[in-house]
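Taken together, the values in this text are just the output of simple stated rules run on the coordinates, not laboratory data. Since the model is a prediction, treat every value here as computed from it, not as a measurement. Using ideal geometry, Cβ is built from the backbone for each residue, glycine included, and neighbour counts are taken over all protein chains shown.
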Amino acid sequence: MTAGRQAAARCAALGAGELSRCGAPAAVRVAIRRKLVTGTREFTLDVAFQSAHRRLALFGPSGSGKTLTVQAIAGLMRPDAGRIVLNGRTLFDAASGVCLPPRARRVAYLFQDYALFPHLTVAQNVCFGLTRSWRNPRRRRLPAIARHWIDTFELGAIANNYPHEISGGQKQRAALARALVIEPDILLLDEPLAALDVALRRRLRIELANLQRRLEIPMILITHDPEDVRSLAEEVYLIRDGRIVGSAAAHDI
């Protein structure tokens, strides 16, 4: 049995009823349903979880619904039914017709490939979320909040470089700076280490763990790697075929 399957088995064995075991009010509440039909394939996302922990992981194989779930939280996919609440603020409620646009949700989304704009410098990429239009941020004008995150992630030396001129680790730090510059209420990490080689993945996993300890921002990580779960999460939910089928403390994985 692979490490991923062993982790999934342990998670499922603990049962889906182990939600929000810390006893504090839930900071994240998600209960959504969405039916998707593509050609001859039909997929139903029907997930529900809540937690007061600040570091969560959605753990499961490709195609299980992990990305669709975080896209719904970010406002990039509208569920057919359900509700999403973050820190007491309703982001989506089908029954009452609430569906905040992505910009109003104060949610940061780190894509798997980092999605840096190739025609913008690192500094311009970091500033992009601060603009109110599709005009490119100016190269010489750097707001204080952007400077803060550029300094935090030690990007000053490459601030005027373009994405094709920097390393994989630098791209990840630039993408994180761009995500955090909007001062989000939550950070969604979509397989942030999956595309990296083993050595770089190990190093950036440590960097991400250190970042989590410094920040007070809740994070939801999606991954199929049990090492990511153990290093970066407090609580993990096993998702399979569009449903949450188990949950556990991350150290039990």
Efficiency of FRET between I182 and D80 - r from beta-carbon atoms, R0 22 angstrom, step 0.05: 0.20
Separation of alpha-carbon centers, the range 140-183 and the range 198-253, rounded to whole Å: 23
Cα radius of gyration and Dmax for the range 116-183 (Å): 10.4, 29
Near-label residues of the range 102-123 by backbone N, under 19 Å of a point 7 Å along Cα→Cβ of R89: 102-110
Protection-proxy order for peptides 68-79, 51-62, each taking the mean of Cβ atoms within 10 Å per residue, highest first: 51-62, 68-79
Percentage relative contact order, the range 116-183, counting C-alpha pairs under 8 Å, at least six apart: 48
Kirkwood hydrodynamic radius of the range 187-252, from inverse mean 1/r over distinct Cα pairs, in Å: 12.6
